[in-house]
Each structure stands twice: as structure tokens, then as C-alpha cells.
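The values are calculated or read from the model by the stated rules, or taken from the named source; none is laboratory data. Computed from a prediction, not measured in an experiment: that's the story for all the values here. Virtual Cβ from ideal backbone geometry, glycine too; neighbours counted across all protein chains shown.
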Amino acid sequence: MLARAAATPPAVGSSLPRENHTVSIRGVNINIQGLGYRYSTRGKPTFSNLRLESQRGEALAIIGRSGCGKSTLLHIIAGLNRPTEGSIQFDGKTVDGPSSRWVMMFQAPHLFPWMKVSQNVGIGLRFAGWPEKEKAERVAEALRLVELSDYAETNVQDLSGGQQQRVALARSLVMEPELLLLDEPFSALDAFTRASLQRDVRSIAKRLGFNLIIVTHDIDEAVLMADRALIMAGAPGKIVHEFQVDLADPRQRQDPAVQSMRARLMDAFHAAAQISGSAAQEMEEEAISGIA
Amino acid sequence: MRDGTAATAIQPSGGVLKGTANGLVNFFAGLTILFALWWLAIYLATLDPAASHWAAFGPIPAFKSLGKMWESGLIANALWTSGYRLGIGLLIAIAIGVPIGIVMGRSKRFRDLSNSPFQLMRMISPLSWEPIAVIMFAGWDPAIIFLIAIASVWPVIFSTAAGLAKVDPAWFKVARNLGAKPWHIVTQIILPAITFDVLTGIRLAVGVAWIVLVPAEFLGVTSGFGYTIEDARESLEYDHLMAMILVIGAVGYVIDASLLMLIKRFSWHKQ
């Protein structure tokens with residue numbers, strides 16, 4: 001596998017695993033200890049002494065209100081921001097910057113509008129200096145995974161919001177990451193599109209074996225996508241609750257097991273001491289509007 | 001698609017050919033009307049026998065001498081020398097204007113500081129620099145190139161800065177996240193993102209430079225469009241004069257149309 005060598009051109013023409021193809025498990029063991037971050041030296045820390053572990057191939061959700069520091073945490077894990085204290089280790093190696101091995105998907109697709117879909121998807125490989133032919137094969141595979149093969153030559157500005165976010169997903173997948181970080185990536189989409197993307201991202205991650213860390217304020221998203229959910233709250237932010245989401249795939253929103261898991265997670269959220277009643281109320285409303 | 005929302009697929013437009021045909025018809029019809037009005041004006045003017053010398057200013061003598069002037073190499077010579085001055089002047093304006101525009105777009109402090117001096121200097125008629133240019137430079141050619149450059153640099157600066165303002169900072173974050181090195185950010189993100197605006201600036205610059213070029217060539221030099229017009233006036237070859245004016249219009253039109261095509265090619269903004 002060239003999972004570990006996405007930044008260098010392959011020795012032999014390789015591509016993302018196809019359907020019905022035996023996939024060796026990739027992914028990464030994540031070990032975060034004593035992590036802290038403050039924007040300015042005098043200010044209050046966004047979070048401090050944070051501990052987080054995740055196993056190879058796990059899908060982890062971090063739930064919290066806006067402003068609890070979960071998005072900052074994700075940027076730090078991605079290597080886009082530096083922590084002010086503590087360390088992050090992937091498979092025992094310290095993270096000290098961005099890498100194509102751990103790729104982040106943002107709230108908005110942020111596609112490059114002067115490029116076609118295929119060029120957008122291939123941009124990371126282009127940065128890494130891949131030869132045209134291998135790049136084209138990889139891009140085609142990634143587009144197949146997100147079901148956008150017919151749109152390779154389309155201008156990204158002609159795509160719907162959901163399709164654009166799928167292009168952003170393909171752009172991340174093409175790097176064959178060990179870890180995909182998602183910063184509320186579907187919050188701007190309509191409910192149907194969001195549901196299909198939640199399902200697809202989880203199934204692709206499980207099929208290819210890479211880790212997921214999803215930051216969200218949407219409890220449904222956590223229930224539908226994660227193996228484990230962490231609730232982050234307070235200022236400075238800390239992880240106040242941890243939840244195993246043991247549900248069979250594919251997960252359907254109306255499934256009673258999913259519903260009861262959702263209720264338990266919501267209860268846990270209410271129980272979190274730091275959260276005010278109004279904040280929990282807000283979460284509840286958001287979750288309900290997500291269903292509708 | 002699984003997504004509930006359908007994308008607007010790009011449909012092959014059946015109207016493209018028809019549109020081009022219409023465009024060509026309008027192009028020639030418009031020019032025909034222009035030349036007809038020109039002919040009519042000269043015809044009416046020369047009805048009075050006292051004004052018969054105006055006949056040389058008509059379109060027919062102009063077109064006739066156009067062929068002769070082309071054969072004698074007069075037009076090619078003017079094209080070459082004026083084109084050289086214009087080209088070098090524009091290159092200097094781009095070489096200076098694009099980097100300044102990038103700094104202006106990136107640094108708010110520079111933008112705030114440079115606003116008043118740049119706006120003031122922009123409003124100085126480029127030709128008013130002519131006496132200074134003549135003193136500054138030994139030859140006429142460099143002086144004219146200087147005038148072209150100083151006329152063209154402003155639109156290039158302001159368009160580049162405006163283009164940079166439209167660059168989404170998130171693009172840098174995405175690129176870095178996907179392994180972009182600093183030079184990738186410049187060559188793959190910034191430059192393609194602002195090419196459209198830089199070209200728009202160059203198009204405006206060419207418009208100004210083309211206007212400045214002819215009067216700048218009225219003095220001193222012995223070649224170029226301005227000189228050729230002035231020379232035709234002095235030797236009373238009015239048909240030559242009008243032919244040269246036609247050439248100036250046509251060449252300017254072709255340059256502008258080519259730039260417009262380039263701009264459309266590099267435009268990624270959707271209406």
C-alpha cells in the first residue's frame with residue numbers, strides 16, 4: 001500500500017481500492033496528551049490538559065456548542081495550528097505540521113473555481129509532483145468513490161452544494177489519508193444531502209480503513225457517523241463525557257436503536273454539568289430541525 | 001445522483017454558431033454605416049467648390065493610399081516602431097504594477113499609505129510628464145516608453161490589487177492542508193486566481209497607452225504612427241493621413257479584441 005507514501009509518486013501505478021477489493025487496514029493510532037491552546041499569552045486558554053486517544057480505523061465524533069474549542073482542537077490535530085502545550089502523536093510520531101497523511105475537510109468546500117472538478121480533486125497530487133497518468137487514475141478512482149465520475153470535466157461552479165462537498169471529499173480521499181478530519185463539513189447542506197454524505201463518508205472510511213475525527217454540533221451526525229462520541233464543553237473546553245456508539249451499519253435515522261442512542265447522547269449532554277439549560281435547549285432544537 | 005439537488009449540467013448550446021453569424025453581420029454592418037457617414041460628410045463638405053481640397057480626406061482616397069502605403073513599407077515600419085515602444089512600455093508597467101498590486105492587495109498598511117499618492121499620480125495626464133521625460137532620457141525612444149509605462153502602470157496596479165482582494169484566504173488553508181509549498185501557493189493559487197484581473201488591468205492600460213502613444217510621437221521622433229500622421233500633414237498628403245488614422249483605429253481594435261478574448265479565456269467568475 002502506498003498509504004504511507006501519498007506524498008511521493010508511486011513506484012508502480014496504484015490506485016484507491018476498488019469495490020470488492022481486499023483492503024489492508026490503514027488508519028492510525030492517535031495519542032494526544034496534555035494538549036492546551038490559548039490564542040494570546042495573557043488570555044484564557046481555549047482548552048488545557050486535554051487527553052484523547054483513538055484507535056486505528058476508529059470514527060470519533062467530538063460534539064459541542066460553538067465556541068467550546070472543538071474546531072480549534074481539530075485544526076491543531078490537522079497540524080494547521082500549533083498547540084501551546086502538550087503533544088499529538090500518530091503511531092508514536094509527533095505531529096508538527098500539515099501533511100497529506102491527515103487531511104481536513106472544512107465547513108465550506110473551498111474549491112478552486114478556475115479548475116474543473118478533476119483538477120480540483122488532483123490538486124494535492126499535483127503539489128506532490130505526481131506524473132499525469134498516475135494522477136488521472138487516482139482522480140478517477142476518487143471520483144468513482146464519491147459518485148461524481150460523470151462530472152470530471154465540469155466547472156465546479158456548476159455543481160450543487162452537496163456535489164461541491166463531494167468534490168472536496170474526493171480531493172481529500174485522493175491523498176489516501178490515514179486520518180480524515182471533518183470540521184462540521186455538512187452543516188451548510190440540506191437534510192437529504194447531509195444524510196447521504198454522512199452515510200457515504202462513514203462507509204468509505206470503514207471500507208478503506210482510515211480514521212475519522214468529526215467535529216459537530218449536530219448530535220444526529222455523531223450518532224450516524226461515529227464509533228465513539230465525545231462531548232466537549234465549558235471554558236476552557238474539556239471532554240466531559242464519552243460514549244460508545246455501538247450500532248450496526250447502515251445506520252438509519254428512524255431506526256429505533258439509532259433513536260435511543262440519540263436520546264442517550266442527548267441525556268448525557270444535559271447531564272454535563274458545565275452546560276446551561278438554555279445551551280442544551282439550543283442543541284435540542286438544532287437536532288430536531290436536523291430531522292425535519 | 002444521491003443528492004436530492006440536481007446540478008445544472010452544461011448543455012451544448014445550439015445558439016453559438018448563430019450568435020457568431022449575427023456578430024459578424026453586426027460587425028460589418030456597423031463598419032459600413034461608419035464609412036458611409038464618413039463618405040457622406042466629405043461629399044457634403046465638398047459640394048462647395050471652395051472646399052474641394054477636403055476630398056482627399058474621404059474614405060475612398062484613404063483606402064486607395066492604404067494599399068500604396070503598405071507596399072512602400074510605411075505602415076509596417078510605423079507598426080514595428082510604435083509597437084516596440086508600446087510593448088516595452090507595457091512590459092515595464094506590468095513588471096512594476098503586478099508586484100506593487102500584490103503587495104497592495106496583501107498589506108492593508110501599504111494600501112492605506114499608498115492610496116493618496118497613487119490616486120494623485122494616477123490623475124496626472126501622462127503627457128504632462130513629457131517635458132520631464134525629455135530631460136530625464138537622452139533619446140526620444142526611452143522618453144516615449146517612459147510615458148507609456150507611467151500611463152499604463154496605474155490600471156495594472158489597481159486591477160491586480162482588486163484581484164487579490166477576491167482571493168479567498170481559505171484557499172491557502174486548503175492548499176497547505178493538501179501539502180502545498182509556498183511556491184505552489186503563488187503559482188497554483190494566487191496567479192491563476194488573479195490572472196483575470198491582471199489582464200483586465202492590462203486591457204485598460206493598453207487603452208490609455210494607445211491614446212498616449214500617438215501624441216507622444218508627434219515630437220522629436222522620425223518613426224511611428226504619430227510621426228507618420230504629422231509627416232503626412234506637413235507634406236499635404238491628406239489621404240495618407242486618413243489612411244494612418246484608419247490603421248491606428250484598426251490596430252487598437254485588434255489589440256483590444258485579443259485582450260478581451262484572453263480575459264474571457266482566463267475568467268473563472270460565473271455571472
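Among the conditions (1) at pLDDT below 90; (2) surrounded by 13 or more Cβ atoms within 10 Å (Cβ to Cβ); (3) touching a Lys or Arg at 6+ places or on another chain (Cβ under 8 Å), A:Ala59 misses just one, which is (1). Scanning region B:22-31 for residues that are at pLDDT below 90, under 30 Å from A:Asp190 (Cα atoms) and of a type outside the set (A, V, I, L, M) turns up nothing. A search for C-beta distances below 9 Å between a residue of region B:96-118 that is at positive phi and any residue that is surrounded by 12 or more Cβ atoms within 10 Å (Cβ to Cβ), counting only pairs 6+ apart in sequence or on different chains, returns nothing.
Please work out which residue is nearest to the other protein chains (Cβ to nearest Cβ), limiting yourself to region B:148-198 and to residues that are polar (S, T, N, Q) and free of Cβ contacts under 8 Å to residues at least 24 places away in the same chain. Show your work before the answer.
So in region B:148-198, the residues polar (S, T, N, Q) come out as B:152, B:159-160, B:177, B:187-188, B:195.
Applying the additional criterion that residues be free of Cβ contacts under 8 Å to residues at least 24 places away in the same chain yields B:177, B:187-188.
On the way: B:Asn177: 5, B:Thr187: 10, B:Gln188: 7 Å.
Only one residue fits best here, namely B:Asn177.
Would you please name the residue that is nearest to the other protein chains (Cβ to nearest Cβ), looking only at residues in region A:108-123 that are farther than 15 Å from A:Gly162 by Cβ and of a type in the set (A, V, I, L, M, F, W, C)? Per the criteria, the residue is A:Trp114. Figure legend. Inter-residue proximity from region B:27-55: first residues within 18 Å of B:Tyr238 (Cβ to Cβ), second residues polar (S, T, N, Q) and assigned to a helix (DSSP H, G or I), beta-carbon distance below 8 Å, spacing 6+ or different chains. Indicated pairs: B:Thr46/B:Ser52.
Please work out if A:Leu173 is under 27 Å from A:Arg202 (Cβ atoms), surrounded by 24 or more Cβ atoms within 10 Å (Cβ to Cβ) and at pLDDT 90 or above. Criteria not met by A:Leu173.
Among the candidates B:Leu66, B:Leu86, B:Leu79, B:Leu90, the residue that is of a type outside the set (Asp, Glu) and either farther than 30 Å from B:Val198 by Cβ or free of Cβ contacts under 8 Å to residues at least 24 places away in the same chain (or both) is uniquely B:Leu66. The single condition from (1) more than 9 Å from every other protein chain (Cβ to nearest Cβ); (2) buried (at least 24 other Cβ atoms within 10 Å of the Cβ); (3) among the basic types (Lys, Arg) that A:Arg166 fails is (1).
Across region A:57-90, the qualifying residues are those that are polar (S, T, N, Q) and within 21 Å of A:Asp227 (Cα to Cα), and the one among them that is nearest to the chain's Cα centre (by Cα) is A:Ser71.
In the list A:Asp183, A:Asp150, A:Asp200, which residue meets the criterion of being within 12 Å of another protein chain (Cβ to nearest Cβ) and without any contact (Cβ under 8 Å) to a residue 24 or more places away in the chain? I'd like the intermediate steps shown before the answer.
Details: A:Asp183 fails: without any contact (Cβ under 8 Å) to a residue 24 or more places away in the chain; A:Asp200 fails: without any contact (Cβ under 8 Å) to a residue 24 or more places away in the chain.
Answer to the selection: A:Asp150.
The set of residues in region A:151-174 that are more than 14 Å from the chain's Cα centre (by Cα) and within 13 Å of A:Met105 (Cβ to Cβ) comprises A:Gln164, A:Val167, A:Val174.
Of all residues in region B:215-228, those that are buried (at least 22 other Cβ atoms within 10 Å of the Cβ) and either aliphatic (A, V, I, L, M) or touching a Cys at 6+ places or on another chain (Cβ under 7 Å) (or both) total 1. Would you check if A:Leu197 is over 10 Å from the mean Cα position of the chain (by Cα) and not β-branched (Val, Ile, Thr)? Yes.
For residues that are closer than 22 Å to A:Val156 by Cβ and exposed (fewer than 14 other Cβ atoms within 10 Å of the Cβ), scanning just region B:250-270, find the one that is nearest to the other protein chains (Cβ to nearest Cβ). In this case the residue turns out to be B:Lys270.
Residues that are within 26 Å of A:Gln198 (Cα to Cα) and in contact (Cβ under 8 Å) with a residue 40 or more places away in the chain were ranked within region A:121-139; the one that is surrounded by the fewest Cβ atoms within 10 Å (Cβ to Cβ) is A:Glu137.
Condition check ((1) buried (at least 23 other Cβ atoms within 10 Å of the Cβ); (2) assigned to a helix (DSSP H, G or I); (3) out of contact with any strand residue (DSSP E or B) (no Cβ under 7 Å at 6 or more places or on another chain); (4) small (Gly, Ala, Ser)) across all residues:
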| site | (1), (2), (3), (4) |
| --- | --- |
| B:Ile144 | yes, yes, yes, no |
| B:Ile148 | yes, yes, yes, no |
| B:Ser152 | yes, yes, yes, yes |
| B:Ser159 | yes, yes, yes, yes |
| B:Ala170 | no, yes, yes, yes |
| B:Arg176 | no, yes, yes, no |
| B:Val186 | no, yes, yes, no |
| B:Ile194 | yes, yes, yes, no |
| B:Arg203 | no, yes, yes, no |
